[in-house]
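The values are calculated or read from the model by the stated rules, or taken from the named source; none is laboratory data. Nothing here was measured: the structure is a model prediction, and the numbers come from that model. Using ideal geometry, Cβ is built from the backbone for each residue, glycine included, and neighbour counts are taken over all protein chains shown. Only protein heavy atoms, including side chains, enter the accessible area calculation; ligands, DNA and RNA are left aside. Shrake-Rupley method; radii C 1.70, N 1.55, O 1.52, S 1.80 Å.
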Amino acid sequence: MTTEFSRDFFQLFGLSRRFALDSQQLEQSWRAAAAAVHPDRYASSPDAEKRMALMQATQVNEAYQTLKSPLRRARYLLSLQGVDTQEETNTSMPLDFLMAQMEWRESIEEARDSSDVDALEALSSRLRSDKRALEAELGEALDRAADLDAAAVMVRKLRFLEKLDQEIGDAIETLLG
Amino acid sequence: MAYSDKLMDHYENPRNVGSFEKGDDSVGTGMVGAPACGDVMKLQIKVNADGVIEDAKFKTYGCGSAIASSSLVTEWVKGKSLDEAMAIKNTAIAEELALPPVKIHCSILAEDAIKAAVSDYKQKHGK
């Protein structure tokens, strides 16, 4: 298999360049691509070919990890179109969103302090549904409206939700552990 | 990672935690958030008739450096004019607390929070 490094991650797996994605198709394409460049197949090849295969294997895995995660996929799509999501620098989020973030943090803290695993589980499932809604919105902004600025804000929002998800998970783990 | 004594002091004994009534005309509220780490910061200033910040409060959800940065700026802005408060730079906060490079964004968050609070106050007063 010859892989051109100039191809983007979507092309690499024969997928169309959009946010909406058939995860089964991604999974299958990834397995096929990974098998084709697996180092074992190049065990008796010249060193140069071995190195090339290894580089390709790395790229295939990087592509898979990027496309599999909605957050990373959206960020990648925006970067292909020259849009920086400014996750490190942009601190001005919509006010209602930040207020909601404060409330989330308060609820998590409360549940953690009172060792209430049920409350944490409830928060976790509410968060998952918020995340799904935001991902649907993101798909709309990227695939239909092509509103890249709005999509960049949504990526930043999603980043906050992922952090909350992690905090709730950590709290549950601590209480159960 | 070794943190400075000043940072630890602000983290363990944060100054000016709390909030003012948002509806109060003399209060300006700034809210900012850092997507990369999920930190959220609310910073409020209370401005007197002479346009001087006489009190400040904050509430921050985030790491120790974010809490220390916001605690420090609430102390710094007291007694300052709005323009003086706007001139506070994140580099000064980072230097005072000896923030490690990976925590510089916490000082940026605090600077942005002050700016947002001043803008909110100015907006309330049609300036």
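Worth pointing out:
- No other residue among A:Arg126, A:Arg156, A:Arg144, A:Arg105 is closer than 21 Å to A:Ile168 by Cβ and open to solvent by 60 Å² or more (accessible area, probe 1.4 Å) apart from A:Arg126.
- Only one of B:Gly64, B:Gly79 that is under 30 Å from A:Gln166 (Cα atoms), more than 10 Å from chain A (Cβ to nearest Cβ) and either surrounded by 21 or more Cβ atoms within 10 Å (Cβ to Cβ) or not basic (Lys, Arg) (or both): B:Gly64
- Hits in region B:69-117 - residues which are over 18 Å from B:Glu54 (Cβ atoms), part of a helix (DSSP H, G or I), charged (D, E, K, R) and at pLDDT 95 or above: B:Glu95, B:Glu96, B:Glu111, B:Asp112, B:Lys115
- Qualifying residue in region B:92-115 (condition: within 14 Å of chain A (Cβ to nearest Cβ), among the basic types (Lys, Arg) and either under 13 Å from the mean Cα position of the chain (by Cα) or farther than 28 Å from A:Trp104 by Cα (or both)): yes
- Of the helices (runs of 4 or more DSSP H) lying entirely inside region A:19-94, the ones with 2 or more residues being farther than 30 Å from A:Phe160 by Cα and in contact (Cβ under 8 Å) with a residue 12 or more places away in the chain are found at A:23-36, A:47-68.
- Test set (1) part of a loop (DSSP other than H, G, I, E, B); (2) without any contact (Cβ under 8 Å) to a residue 60 or more places away in the chain - A:Ser107 fails condition number: (1)
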